[in-house]
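Below: the structure, in structure tokens.
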Amino acid sequence: MTAKRLRVFALLAISMIFLLAWAFPILWSVLNSLKTDSDVLAYPPKLVFAPTWEAYRDVLFGSGSILPNLLSSVIISVGTTIVTMLMAVPAAYALARLRFRGKKFAGFYVLATQMLPPVGIIIPYFLVLRNIGWIDTYQGIILIYLSFSLPFAIWLLVSYFEDIPFEMEEAAYLDGASRLKTLWRIIIPQVRGGIAVTVVFVFLNAWNEFLFAVVLSGNTVRPVTVAMFNFVSVEQTLWAKLAAVSVLAMLPVVVLGVVAQKHIVKGLTVGAVKGGGRR
Amino acid sequence: MSGQGQVSFRNIVKLHGQFAALKNVNFDIKPGEFFALLGPSGSGKSTTLRILAGLDAPTTGRVMIDDKDVTSTDARDRDIAMVFQSYALYPHMTVAENIAFPLEMAKLPKSEIAPAVKDAARKVKIDHLLDRKPGQLSGGQQQRCALARAIVRKARLFLLDEPLSNLDAKLRLETRAELKKLQRSLGVTAVYVTHDQEEAMTLADRMAVFMSGEIQQVGTPAEVFARPNSIDIAGFIGNPPMNLVPARYVDGDVIIAGHRLKTTATTAVERDVVVGLRPGALRMTEGGLGARVDLIEDLGDTAVLDLDCAGTMIRMRVADGNIPGEGDTISITARPQDIHLFDPATRMRL
């Protein structure tokens, strides 16, 4: 075996180990979700078993159906994503392009909010929401999610906007376009990769969020991340059902990941080669 | 055409903090003229163009287009088309969409846009590339696409910011000639920024020469070439540029390296001057200024000689077939009217 082949082989082996470590919990959840509760607890663990859809049937259509929770998650995530993008795109453009007093501070503030430990502000947020009567409401949770997703989205988008040469915009002005029209027709089509990446990240963050959801939600609005814990109690854990809900909760994430994969990879490498990510 | 395309700059000053990018710039451009803004980088020519386009605002002063003060008019309302040095094509649109963009912004009906786009593309010979994206075009084709986008709208002013600088040498010469023909056929006023004096000389009807934020001379290329206003312009225009030699003016003569040359230029008193001599205005003669040939650059039909005149370097252009050998000593002179005098202190023409 030549040195080169040996190196390729070593790299492959290392990659496989990483992949396995990453994929194991997911595979394990999928397997468990197809087992009966007794099969889940069997020791040694059964790799060969009679698969059943029972757990899925129960969590979807049984007494403690998680369908309303999935719907809650969808409303919260989609709502957060839409509001975030509507505000983040113009804000990021302004930060990237306009010269105004306090721009540096605004840029730092946006980043600083990302550095706060979330646990530290749960209680203030809870108190604020309770005082305005927004605990256990969609608008309440979306508002709180915005406080994280908006700075993150702005910060992510600014670099995409900064990548677009100024002359392109000036050319559009001279061609008779207004600032808004330039943004819409010239700039945004060129940052759509960045927008796709941002949408995915914002959606995923909202979809996967647990800490704030568990404190600020209630019986009316309860996203699936919180609802999952219905299957964990002091006496027992319903592993098969928990696994089934996990898999169901993962599905939109996986679908989004596959659909947006091209954009994400492009988005992550943008700026690596000058102008490489855009065309 | 919506206007004549007459331009006036009145006392334009542009400050960047303490730094004066433009110090009181004044000039007029006549309708239909091909006007070049020439100068080394950092001299203020691009700033001037940007102020004319409305992309930058002057600190003080007025910009007039067709006798209307447009100093505070938005770029998009000035009816000006521009070709950028980087071309600034919209990468997500096809060539046809790029060219159509200014017409769409002007809210022209679709039925008029399509033929106008075709026509503009045909004028710059890219009508076979209309469905391509800019990324699929060569540099020269991108440049033509930018040109087409600028001419499609029939704006009253046509601004070009070093449009040829990203092309290779051969293509640059071809495009230069085409550009001139295009401007003539359209009859539009063109303002052309360049640092290449040869480009300005060949293209422009008139030009303004910028030096460190000021216009030092406005005139036809021939005028500027024949009578440069300052040492800086003299040293910038011409290839190779004018020889600038320290000398002494005495009573209708200049004394260079101990040799007297008659000049028609005059100055009041006996004084130190800088003498300007075009390399092509020097001739070999008997009993002239003695010089040793240091180096010969043979350009084919002519040659440029680097001469050592008692320690002063002078360059001289000679016709083929008349070339001395390296190391030879020759004797040179110039006609009195070809001797330019400059003040070494103010650097201006005497």
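The values are calculated or read from the model by the stated rules, or taken from the named source; none is laboratory data. What you are looking at is a predicted structure, and each value in this text was computed from that prediction instead of being measured. Reconstructed Cβ throughout: ideal geometry from the backbone, glycine too, with neighbour counts over all protein chains shown.
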**OP:** Could you tell me which numbered condition A:R130 fails, if it satisfies all but one of (1) among the basic types (K, R); (2) touching an Asp or Glu at 6+ places or on another chain (Cβ under 9 Å); (3) away from chain B (no Cβ under 14 Å); (4) not in a loop (DSSP other than H, G, I, E, B)?
**Re:** (2)
Original post:
Does B:S8 fit the bill of being over 30 Å from A:L180 (Cα atoms) and either within 10 Å of chain A (Cβ to nearest Cβ) or surrounded by fewer than 20 Cβ atoms within 10 Å (Cβ to Cβ) (or both)?
Top reply: yes
Original post:
Among the residues of segment A:137-159, is there at least one that is in contact with a helix residue (DSSP H, G or I) (Cβ under 6 Å, 6 or more places away or on another chain) and farther than 21 Å from A:N208 by Cα?
Top reply: yes
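Got a sec? Which of B:R315, B:R248, B:R292 is in contact (Cβ under 8 Å) with a residue 24 or more places away in the chain, in contact with an Asp or Glu (Cβ under 7 Å, 6 or more places away or on another chain) and closer than 30 Å to B:G39 by Cβ?
Working: B:R248 fails: closer than 30 Å to B:G39 by Cβ; B:R292 fails: closer than 30 Å to B:G39 by Cβ.
Answer to the selection: B:R315.
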**OP:** Could you tell me whether B:R278 is of a type in the set (D, E, K, R) and crowded, with 21+ Cβ neighbours inside 10 Å?
**Re:** yes
Subject >> One residue from B:A81, B:A100, B:A106 being closer than 25 Å to B:D168 by Cα and within 12 Å of chain A (Cβ to nearest Cβ) >> reply: B:A81
**OP:** Taking the options A:D175, A:D163, name whichever one is crowded, with 23+ Cβ neighbours inside 10 Å, among the charged types (D, E, K, R) and within 12 Å of another protein chain (Cβ to nearest Cβ).
**Re:** A:D175
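Is there a residue being under 22 Å from A:W207 (Cα atoms), touching a residue at least 24 places away in the same chain (Cβ under 8 Å) and assigned to a helix (DSSP H, G or I) anywhere in segment A:33-48?
First, pick out the residues of segment A:33-48 that are under 22 Å from A:W207 (Cα atoms): A:33.
Adding the requirement that they be touching a residue at least 24 places away in the same chain (Cβ under 8 Å) leaves A:33.
Checking the rest, the ones that are also assigned to a helix (DSSP H, G or I) come to A:33.
Yes, the conditions are met somewhere in segment A:33-48.
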Original post:
Hey, does segment A:22-33 have a residue that's within 20 Å of A:L242 (Cβ to Cβ) and touching a Phe, Trp or Tyr at 6+ places or on another chain (Cβ under 8 Å)?
Top reply: yes
Original post:
Got a sec? Which of B:R153, B:R132 is among the basic types (K, R) and modelled with pLDDT of 90 or more?
Top reply: B:R132
Original post:
How many residues are crowded, with 21+ Cβ neighbours inside 10 Å and assigned to a loop (DSSP other than H, G, I, E, B) if we restrict to segment B:56-83?
Top reply: 3
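Results for (1) in a strand (DSSP E or B); (2) closer than 30 Å to A:W53 by Cα; (3) more than 14 Å from every other protein chain (Cβ to nearest Cβ); (4) within 22 Å of the chain's Cα centre (by Cα), shown as yes or no for each residue.
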{"residue": "A:M168", "(1), (2), (3), (4)": "no, no, no, no"}
{"residue": "A:T182", "(1), (2), (3), (4)": "no, no, no, no"}
{"residue": "A:I188", "(1), (2), (3), (4)": "no, no, no, yes"}
{"residue": "A:V199", "(1), (2), (3), (4)": "no, no, yes, yes"}
{"residue": "A:L204", "(1), (2), (3), (4)": "no, yes, yes, yes"}
{"residue": "A:V221", "(1), (2), (3), (4)": "no, yes, yes, yes"}
{"residue": "A:V234", "(1), (2), (3), (4)": "no, yes, yes, no"}
{"residue": "A:L242", "(1), (2), (3), (4)": "no, yes, yes, yes"}
{"residue": "A:A260", "(1), (2), (3), (4)": "no, yes, yes, yes"}
